[in-house]
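To start, the structure itself, in structure tokens.
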2 protein chains.
Amino acid sequence: MAVARQRAGRDGRPTLEQVAARAGVGRGTVSRVINGSPRVSERTRVAVEAAIADLGYVPHRAARALAGNRADAVALVVPEPETRLFAEPYFAAIIRGISVELAEADIQLLLTLSRTASERERFAQYAAGNRVDGVLLVSVHGEDPLPELLAENGIPAVMNGRRSAHETFPHVDGDNVGGSRAAVRHLLERGATSVATITGSRDMYAAQCRLDGYREELDAAGLADDEGLVAHGDFSEEGGYRAMCELLGRRPALDAVFCASDLTAAGARRALREAGRDVPGDVALVGFDDSAIARHMDPPLTSVRQPTEEMGRAMTRALLAEIAGEAPTSPGLILPTELVRRASS
Amino acid sequence: MAVARQRAGRDGRPTLEQVAARAGVGRGTVSRVINGSPRVSERTRVAVEAAIADLGYVPHRAARALAGNRADAVALVVPEPETRLFAEPYFAAIIRGISVELAEADIQLLLTLSRTASERERFAQYAAGNRVDGVLLVSVHGEDPLPELLAENGIPAVMNGRRSAHETFPHVDGDNVGGSRAAVRHLLERGATSVATITGSRDMYAAQCRLDGYREELDAAGLADDEGLVAHGDFSEEGGYRAMCELLGRRPALDAVFCASDLTAAGARRALREAGRDVPGDVALVGFDDSAIARHMDPPLTSVRQPTEEMGRAMTRALLAEIAGEAPTSPGLILPTELVRRASS
DNA sequence: ACCGTCAGTGGGAGCGCTCCCACTTGCGAA
DNA sequence: TTCGCAAGTGGGAGCGCTCCCACTGACGGT
């Protein structure tokens, strides 16, 4: 048995050994060709590549992973409660970006939905055991133990978004402040004189940034700081509805509202309709995220779009660099946002 | 070197060998415990489990895969052009279902976006090499070579949806005909007398089914078959808009429209508004998919919902059964749909 | 007392790779 | 000519598991 080398693998597929035999070289050489080592002569490389093509050889991932002490895979961890996020163009685009970048590096994407905090801890355990080379994190909340767990275990990871202004964990985020400022500026330019805002969940940094942007832009325009124009929502439609009712009661003369999310804007729009206010005639409305509902609202909603696909790519590139052991140039990357103008403002 | 067994793995994590030493048993026994073999005495199992817990042992996936000739992973293949599908609650729910079911079986989910047909062929190659145990397919079009490629290579696979009435490939689908019939029946019950429909892309079986359901229900109600009430769309909003304009020109007296998708309904709604028709006052509208936009249309759209999470689970269960070598009881499974009533009808 | 049986167990072999060391060349310098 | 060295190469060792065969010992039947 030990004599008859050069046999195909258990599953009938060619092995590296067969390729080597066919090309008339040793296993080491084939391995070098596959891994793009420069220490192979041109002639040899060509011969090996021909043998690979002839045989239709595809490296066996598990064997590679085992021998090479790596996984050739990265995990994307999505908190289960957040799967509604899934139902957003935002998410689809991020995944597309990730996928493109990973495909180029020939690395697999593992999708992991983690339901509970304990499951996230278990995941860290799991990830530590060389089961993945790196981790991509989305929708990370402040109390999530996963980032620290990963860092402690020395597992390369990058998150989407930030938990605070001084996020030390590697991250890629959209420019929330800049986007909000652009939205408010736009409202002001369209002649609004009393711009209200409905915030997102106060414990989320993105919500804080969007509120900061709102304030900064009003300041820059020299408008008085009126706290009565700020109502707190929670990114949900219902929250938007309630906040809008509140606002209408408090500042009936408002003529524009900047919402921290499109969903919030949808709720606000409902409240405005019930109050008999026309959009954009009486009140101009702007959302954030440029999600599916923005395009389909009546009237279509002006919204702030993040360069989501690019964010996915950037996250992945950063992660791959980290895996490759490159020293990170900076802990984070902030990508610019863009205002998409529609009929609501 | 060969003497000093019982050492931790390269990455410092405990190996099965260590667990065996700690529990005072052989490697084989630990393996049996891990894999739930019944051929282990209660006492031994307890001891091994304690050792596993003490050491925080996690099996090394790649080693398992290599030795066991399996991958412990299944791939979900999404055609890249379809990633907009991603941005649907439909998709999110399917993935959630898949994820739940896979987590129970401790199998990983690989997400693969395939851009081109050639990439799909390459994927079949790849899958064949024992790199995944099975494949989950969504949005399969008629000319897609992947299902056949997988079948030829003996790779277990299940698709979501069907390509035709006599789909032989294992599949899980929603009851499109039943859903459409329920939608039309609902419209009729609400007093509609002239029910039009806007179809989906004619080359898609789901679109055909939805049209069939529409016809069947009208037949059942004894209404004359009026081809003028059928306009062809393509599941897109623009297509819905055009078809609605057409319909309005041809049958100005229509008082209800059943659309093959929510997006189509959104387009139709726009056309109706431009024509000055009130929804639901003048024309009742029903969509299909119960997607995000349905809830946020004005008025909110009545729509047919599929049991999507359950579909994901069913697909996964079917795939796991196939992987386990169980003979499929039937080639496919059709799950019931449900009409979600909202203000548009 | 003998045997067969079988639940339970230990450990060798080997999965298909990568790593790395030892080796062979070819070639310019001494 | 001899040596040194770098470029190129072959293949042993070993990654952490599972598979499976061989073995042990308790037990019941004869």
Would the range B:229-241 turn up any residue that is of a type in the set (D, E, K, R), closer than 30 Å to B:LEU136 by Cβ and open to solvent by 30 Å² or more (accessible area, probe 1.4 Å)? yes
Within 16 Å of DNA strand C (Cβ to nearest atom), touching a Leu at 6+ places or on another chain (Cβ under 8 Å) and facing chain B (nearest Cβ under 7 Å) - does that describe any residue in the range A:102-122? yes
In the set B:VAL46, B:VAL30, which member is open to solvent by less than 40 Å² (accessible area, probe 1.4 Å) and either within 8 Å of DNA strand D (Cβ to nearest atom) or not in a loop (DSSP other than H, G, I, E, B) (or both)? B:VAL30
Read through the list (1) within 30 Å of B:SER291 (Cα to Cα); (2) near DNA strand D (Cβ under 8 Å from one of its atoms), then give the number of the only condition that B:ARG64 fails. (1)
Run down B:ALA256, B:ALA294, B:ALA284, B:ALA260 and say which single residue is within 14 Å of chain A (Cβ to nearest Cβ), within 25 Å of B:MET244 (Cα to Cα), touching a helix residue (DSSP H, G or I) at 6+ places or on another chain (Cβ under 6 Å) and small (Gly, Ala, Ser). B:ALA294
In this structure, does A:HIS141 turn out to be buried (at least 21 other Cβ atoms within 10 Å of the Cβ) and either away from chain B (no Cβ under 12 Å) or out of contact with any strand residue (DSSP E or B) (no Cβ under 7 Å at 6 or more places or on another chain) (or both)? no
Answer yes or no as to whether A:ALA151 is under 16 Å from A:PRO331 (Cα atoms), open to solvent by 10 Å² or more (accessible area, probe 1.4 Å), away from every other protein chain (no Cβ under 11 Å) and hydrophobic (A, V, I, L, M, F, W, C). yes
Residue count, the range A:332-345 (criterion: open to solvent by 40 Å² or more (accessible area, probe 1.4 Å) and not charged (D, E, K, R)): 4
Return the residues of the range B:246-262 that are among the aliphatic types (A, V, I, L, M) and either touching a Phe, Trp or Tyr at 6+ places or on another chain (Cβ under 6 Å) or surrounded by fewer than 24 Cβ atoms within 10 Å (Cβ to Cβ) (or both); say none if nothing qualifies. B:LEU247, B:LEU248, B:ALA253, B:LEU254, B:ALA260
Selection over the range B:33-43 where residues are within 7 Å of DNA strand C (Cβ to nearest atom) and surrounded by 16 or more Cβ atoms within 10 Å (Cβ to Cβ) yields a count of 1
Condition test on B:MET297, is it in contact with a Gly (Cβ under 7 Å, 6 or more places away or on another chain) and more than 24 Å from B:GLY142 (Cα to Cα)? no
Selection from the range B:316-331 of residues touching a residue at least 12 places away in the same chain (Cβ under 8 Å) and either open to solvent by 50 Å² or more (accessible area, probe 1.4 Å) or touching a Lys or Arg at 6+ places or on another chain (Cβ under 7 Å) (or both) yields B:ARG317, B:GLU322, B:ILE323, B:PRO328, B:PRO331
Hey, does the range A:298-315 have a residue that's open to solvent by 10 Å² or more (accessible area, probe 1.4 Å), more than 24 Å from A:GLY97 (Cβ to Cβ) and of a type outside the set (Asp, Glu)? yes
Just the residues that are part of a helix (DSSP H, G or I) and closer than 24 Å to A:GLU189 by Cα, please, taken from the range A:291-339. A:ALA294, A:ARG295
Considering only residues of the range A:65-84 that are over 19 Å from A:GLY325 (Cα atoms) and within 8 Å of chain B (Cβ to nearest Cβ), which is surrounded by the fewest Cβ atoms within 10 Å (Cβ to Cβ)? A:ARG84
Testing B:GLU88 on (1) more than 8 Å from chain A (Cβ to nearest Cβ); (2) open to solvent by 20 Å² or more (accessible area, probe 1.4 Å), one condition comes back false. Which one is that? (1)
Hey, can you tell me all the residues within the range B:300-345 that are over 19 Å from the mean Cα position of the chain (by Cα) and modelled with pLDDT under 95? B:PRO300, B:ALA324, B:GLY325, B:GLU326, B:ALA327, B:THR329, B:SER345
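The values are calculated or read from the model by the stated rules, or taken from the named source; none is laboratory data. As the structure is a computational prediction, the values presented were derived from the model and not from experiment. Heads up, the Cβs are rebuilt from the backbone with ideal geometry, glycines too, and the neighbour counts pull from every protein chain shown. SASA here: full protein model, heavy atoms, side chains in, ligands and nucleic acids out. Shrake-Rupley method; radii C 1.70, N 1.55, O 1.52, S 1.80 Å.
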